[in-house]
1. Pop out the ³J(HN,Hα) list for the stretch B:299-311 in order, Karplus 6.51 cos²θ - 1.76 cosθ + 1.60 with θ = phi - 60°, rounded to Hz; leave Gly and Pro as x.
2. For Cα pairs less than 8 Å apart in space and 6+ apart in sequence, what is the mean separation divided by the residue count of the stretch A:58-158, i.e. the relative contact order in percent?
3. So what's the protein assembly as shown giving for Rg/Rh, alpha carbon basis, Kirkwood Rh from the mean inverse pair distance?
4. Amide H neighbours of residue A:15 under 5 Å, at least 5 residues apart or on other chains, H built in the peptide plane: list them.
5. Using only alpha carbon positions, build the gyration tensor of the stretch A:351-426, then give the equivalent ellipsoid semi-axes as the square roots of 5 times its eigenvalues, largest first, whole angstrom.
6. Just checking the output field for B:83-90: average partner chain Cβ neighbours within 10 Å of each residue's Cβ?
7. Given H placed 1.01 Å from N in the peptide plane, which residues other than close sequence neighbours of residue A:340 have an amide H under 5 Å from its amide H?
8. With only Lys, Arg, Asp and Glu charged, each at its Cβ (+1 for the first two, -1 for the last two), find how big the charge dipole of the stretch B:17-141 is about the Cα centre; round to the nearest 20 debye.
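The values are calculated or read from the model by the stated rules, or taken from the named source; none is laboratory data. No experiment lies behind these values; they were computed from the predicted model shown. All Cβ positions, even for glycine, are placed from backbone atoms using ideal geometry, and neighbour counts span all protein chains on display. Please note that ligands, DNA and RNA were not included when accessible areas were found on the heavy atoms of the full protein model with its side chains. Shrake-Rupley method; radii C 1.70, N 1.55, O 1.52, S 1.80 Å.
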Amino acid sequence: MSLLFGPMHQHIDGHKEVTAHNEIIHLDVPEIIGVALSHGNIEANILVKEGDHVKIGTKLAERDDGFYVPIFSPVSGTVKSIEKRPSTSLKPVMHAIIENDFREDTVELKTISEEASKEEIVEFIKQMGIIGCGGAGFPTYYKYQTDKCEHLLINAVECEPYITADARMIEEKSYYFKTGVRMLLKASGARDCIICIKEEKKDLIELIDLMFEGDKRVSVLKLKDLYPMGWERVMVYEALNAQYERFPIEIGAIITSATTAIYVGRATITGLPINEKIITVSGDAVKSPHNVLARVGTPFRNLIEACGGYTSDEVIVLSGGPMMGTSLRSDEVTTRPAVNAITVLTYMVYEEYPCIRCGACANNCPSGLRPVNIIQALKAKDFDRLQRLKVTDCVECGLCAYNCPSKIPVTENMRRAKRLLNARKQS
Amino acid sequence: MEIKYHAGPHIRSTRSTKIIMLELTAALLIVWLFSLFRYLGMGGAYARQIILIPIVSVGVCVLTEVLFALFYKKNVAKHLKGSFPWITGLILALTVPINTSLYALAVSAFIAIFFGKLVFGGFGDNIFNPAAIGRVTILTGFASSRLLDVVASPTPTTTIADSGWLLNQSGLQAFLSQFGGIKNMLLGNYFGAIGETNTLLIIILGIILSYNEILDWAVPAFYMGLIFAGTTIVGLIKGAGFEYGLFNVLTGGVAFGAVFMLTDPVTNPNTRAGRIVFTCFAAFFTVLIRYKASLPEGVCYSILLANILTPTIEKYFDGKTIDRMHKDTITVTLIILLSLFGIILIGLSLDVNDYPAVMALFKNIAGGIGL
């Protein structure tokens, strides 16, 4: 009912043409690598110490608090130090600083047969430390520990502007993608697999159609170029015409990003963990935007320099895309398995006007929230109303602030309201 | 090279409040230009008035804001840039008749900005449409403050109000021919408020502004649609003919109020569902005031009355959109049907008059008391 409730999404200029078709830069592995020994902001148990010799695939740390996430060394070399450094999640976390010996030695790599059982595949994904590569980094195995799955959705939507890494990964690693999807299909126990992709990526759709020719279980769903089409709830609604309370498994769906599927396929065939990634380096303040194949643990600066460096005096460096990316204070931060893009934009100060209560923030909110009312409640410190307005359902997609004609930092206010409400709940 | 911190999202749409207000200003100036050509041709005092009315109105509005900013020791330029007083001034100028005294206009412009907007906290915080406040001040406080050297013949609304609002088919035809028929009324060549008469131009501007996302098309569409549908049904039932509904939409600033005043986002609800309900009330009040109150034109009053309901409507629709969809769809549909039914009911209670007979009656009365 868009007549009464607004469209709840928005077309945003994608700027994808700048990196969609040019060559992929293969970045040299740097001499010093910094591997974050945490999963997101959650510290992991560190298993190595200064002076240890490590190989590609040596387990450096593991998170084991209900979620199991091992962290592997992406290079071979010597651990120089274990120290706290700024990371892509803003909070400083422990890093293993590894001096690369360029021997590229690997530990004994374990692969898995395509004939393996569901349980074996899920365990394999868990032990390989495969996490969601779409940006959030949720441990992949966790979603597959179920026998209620009917539909497997592969997210190749990439609705954030500038980012083309998913599409390029599928093109470049199509064999891994095919294997990964089949393994995930088995691991999920689903009846069918729907690969969701934006309708204008015609070449890629053709490629995927060809890839799964004859496999009746796999189909491609073409979605409109709208933001945030790649958000799970929107995608599930488009694909299955259903809504859910907390997790998509409630309606029998599992969603995994295309890049994650590629790494499942890669691990199946080679036994390698996520030790390198294609990362889109783009934005209006980087000289020559490209997709860059870089080893995990490479400083952002190396990737940006490989693309010709900065073109503005004042820039913002984002881990991720321009809508949901995290603004970093330094380009010394190193890449992690969950990083899919580095966006460099010219720093802009927007002139703010009073709120005219036009409701553009509410019309376009994919969660169906009313930021204009939430800000009123925030200003009045009306916690009951904040609760009633369900501010905690906000996913911070950024559409409200993007659309605000008065250039009010609406999304930032939403974050503040959420923090305030959470702090109150705890006290 | 410096790396700055920025809170996301890191890109913004090109649509801005500044552009919205500038496009609105341009649209209002186009409406004024049409009247400028019309009245310039009439020469003399008409030409003087059509130029002075917007100058005085906008001048007083801007001056009031400047004095307010000075009084509160604010940066005047910055305050004006974020307050857009000239919009109120222009709208007010376009809603008054050509023979309005400049003195009355100046007082109303001050009241519009000061009591209509600044006392509530300024742009974005006002409850009532400031221009409507100014217009009502002239209508009620300065009704007799008219220029004597500028003769404006009666407007269609005042004329038909004197005839009890409902005529039989031949009466309506005779009445309309006095103003050059429906086609002429669509093009605006008759006396009325200086900006309200050219309905066709206003509708075209409304479509352009909707397309550019300057205003929500649903507001003028539902407002004019409801008045049109309701009064057409009344016209057909009561034998006034098909043109009765069209006449009701074309006169009395219905289009101008719908496109430029009712759509003010600050004073209407901030959800589409809320805005449609708001519009339904406005349409109902317009017809109620026209047909049943002693005032010939109900648009400005109905806008203010609907403005009063805005907080209540917002309170009703408060919550998370997705949770409310089913309930809200039912509510909105019900309110649309109820307001349409209400409009028809008010219309049906009117007596049908024969226009020439009514006019003859008036002439006799006027003759009898020596006018």
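1. Couplings: 4, 4, 5, 5, 5, 5, 5, 5, 4, 4, 7, 3, x Hz.
2. Here the relative contact order equals 22 percent.
3. When Rh is taken as the Kirkwood radius, the ratio is 1.10.
4. Those qualifying (amide H under 5 Å, at least 5 residues apart or on another chain) are A:162.
5. 20, 13, 11
6. Mean partner-chain Cβ count within 10 Å for B:83-90: 1.
7. Long-range HN contacts for residue A:340: A:320.
8. 200 debye
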